[in-house]
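Participant: One structure, pasted below without further comment.
Since every read-out is calculated from the coordinates, none of them should be taken as a lab result. Computed from a prediction, not measured in an experiment: that's the story for all the values here. Here Cβ is always computed from backbone atoms with ideal geometry, including for glycine, and neighbour counts include all displayed protein chains.
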Amino acid sequence: MEFNSFMDRLNEILTKEDLITSGKDASMLKVEFEDYLLEAERLDQVAVLTARAEGKSVEGLDFKPMKDEFYKLYKIYSEKRKKQLELKTAFETENLRLKKELIGRLKEVIQNEEKIGTAFNLHKEIHETWKKIGDIPRDKRVEIQKEYSRLLEIFFYNIKIFKELKDHDVRRNLQLKQDLIFKLKNLRNSNQSLREIEEALRTLQDEWEEIGPVPNEEWEELKKSYWDVVRGIFEKINLHYEEQRNILADNISKKRQLIDSLENILARNAEINSLKEWDNATQNVISVQEEWKRIGFGTKKENEEVWKIFRSKCDLFFEAKKQYVSRVEEMFKMNAESKRKLIDEVNAIKHSKDWKETTEKIILIQKKWKNIGSAGSKFENKLWSAFRAGCDEFFSEKEKYFQQQDLDYTENLTAKNNLIESLANTSLSENKQEAIQQLKDFSNRFSEIGHVPKNQADSTYKKFKALLDKKYTEIKLDENEREKIQFQSKIDTMLLSPEKGRLLMRERSELKKQMEQLTREIALLENNLGFFSKSKGADKLRGEVEKKVRYAQQKIDTLKKKISMLPNE
């Protein structure tokens, strides 16, 4: 529905003379306008966010002039209606005061007037005035009407006016009141609106009071029937209003639950770390808004209150999303710029023939690329394709180079395999030093042969190392000498590996870890020494602990020597 349609409908309501009865229509129009505005703003926000995600510069619509124009006219309507309500309340209050005065005057006539003619004239004057007085407050109608009817009953029966009425008039009044009770019963079962029923009830009650007395023997039963049906109508009216109040209260309760749902969504805003999660949260908010539209009205005051709260929560959510999207777009922009620089770095070195250094540089650049994060759906794939192309170009050239080099290393592989076979068939000298020298010579020859094809390098090295280790175990050495020789052999074989740098670094790290563990054990043992008392049993335990400390220290010394034997590769 377009904005002008809302303004036309509001102007139409405003032109009515009686604005009091238009309250519900105006409130419904206001809620419809607010729902329309909420949907329009949501669609505008979605359009802006979508456009920005596509890289377009779009500004949202300004709905403020539309709001101001509508609420300005609505305020005029509210003020005019308020004045009418205040005037109606004032009239009803004044009418109540006038009717109470008439009741007082009627009591005075009943209690003090002895002349029937004068009393009758006074009653007639009072009754005519009573009929001319308009509505009184609804909550006082039954009470005032009952009191007035009770006094009229006393008046007609106590001042002996019925003696002057003819019997057929009394019977006629009886028939008229019976007919009126029948009308009241039909009214009670009617499907008319509550407003129409209330108006009809007031008219019939006025008619009842205008009808004269009925036979005494019929009066009690007639009066009981009258008030029974009147009470039934009032109960129907009150039940309707009670049901309406319950419905309105239930609607307010449902709306407050939706506000709680929004609160829960807002509470999780700080945990949202992706546009996808924001889109999911947005769908949840939209679902809550749709549910809000399906709920009916609440009481006017509470309805306006919960609407303001609900609207503010929606605004908070979409403002938070807007700020997040702005931050993400700025981050995407920065990430894209950083990735373009990395692409330039790769392109600058991709033709280098320094394979090792360039490989390390490109791998470092790739790690930087991974740490930068996404540049957004608009740029990420394009940037990645450019980056990947530069890296692939270098590694493709490198692979071609080493494939050719592997062909050149085939003779070296044959030579190393022959050397391994020769080592396997060699019998070591019984002289330990000569045997050690034999094995060192094999290690030197293995190293001097040079590189083998890359895919064979690791398996060839491992085969040679395993055989060399086996040969060293054949040499009969004391424990310290064997350990030193074996460790030196281990170093020598590591130096033969194509990955000697990594192996030496790992060995150094492992030795240091063992030293740290032994140092902690010594500290714990020395700490425990302080708990032993001076006794024979304690001395024995102390001796065992001190022995463990000395042994651990010796192992630390051995580890230090091993570390000093490692070359600085």
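Participant: How large is the Rg to Rh ratio of segment 1-65 when both quantities use alpha carbon positions and Rh follows Kirkwood?
Facilitator: 1.19
Participant: Using only the alpha-carbon atoms of segment 34-150, report the extent along each of the three principal axes, biggest first, to the nearest angstrom.
Facilitator: 99, 22, 14
Participant: Which of VAL58, VAL549 comes first, and how do the rest follow, when ranked by fewest Cβ neighbours within 10 Å? If you can, show how the numbers build up before the last one.
Facilitator: Numbers: VAL58 12, VAL549 18.
Starting with the residue having the fewest Cβ neighbours, the order is VAL58, VAL549.
Participant: Continuing with this model, one more query. With only Lys, Arg, Asp and Glu charged, each at its Cβ (+1 for the first two, -1 for the last two), find how big the charge dipole of the chain is about the Cα centre; round to the nearest 20 debye. List each step's numbers first, then the result.
Facilitator: Values: 109 positive and 104 negative charges, 467 e Å.
With Lys and Arg at +1 and Asp and Glu at -1, about 2240 debye.
Participant: Rounded to the nearest 0.05, what FRET efficiency is calculated for LEU61 and ASN273 with R0 set to 30 Å and r the Cβ-Cβ distance?
Facilitator: Rounded to the nearest 0.05, the efficiency is 0.50.
Participant: I want to verify the translational diffusion coefficient of segment 328-388 in µm²/s; compute it with Stokes-Einstein, Rh as the Kirkwood radius over Cα pairs, at 4 °C and 1.567 mPa s.
Facilitator: Value of D from the Cα-based Kirkwood radius: 108 µm²/s.
Participant: Give me a comma-separated list of calculated 3J(HN,Hα) values for segment 304-309, in order, Karplus coefficients 6.51, -1.76, 1.60 applied at θ = phi - 60°, integers in Hz, x for any Gly or Pro.
Facilitator: These are the phi-based 3J(HN,Hα) values: 5, 5, 5, 5, 4, 5 Hz.
Participant: Moving on. With each run of n ≥ 4 DSSP H residues scored as -39500 (n - 2.57), what mean residue ellipticity at 222 nm is computed for the chain after dividing by its residue count and rounding to the nearest 500 deg cm²/dmol? Numbers along the way, then the final one.
Facilitator: Details: 18 runs with 471 residues, N = 569.
So the calculated ellipticity at 222 nm is -29500 deg cm²/dmol.
Participant: Can I ask one more? For TYR77, TYR551, which order do you get if you count the other beta carbons within 10 Å of each Cβ and list the fewest first?
Facilitator: So the ranking, lowest neighbour count to highest, is TYR551, TYR77.
Participant: Separate question: Measuring from the lowest to the highest alpha carbon on each principal axis, how far does the chain reach, largest first, in angstroms?
Facilitator: 162, 79, 34
Participant: Subtracting the Cα-Cα distance from 0.36 nm times the residue separation, let me have the gained length for HIS351 to GLU380 in nm, one decimal.
Facilitator: Extra length available between HIS351 and GLU380 comes to 8.0 nm.
Participant: A follow-up question, please. Which is farthest toward the positive dipole end of the chain among ILE362, ALA375, GLN517, measuring Cα position about the Cα centre, with Cβ charges +1 (Lys, Arg) and -1 (Asp, Glu)?
Facilitator: The residue sitting most towards the positive pole is GLN517.
Participant: Ranked from highest to lowest mean number of other Cβ atoms within 10 Å per residue, what is the order of the peptides 206-213, 560-567?
Facilitator: Answer by packing, highest mean first, reads 206-213, 560-567.
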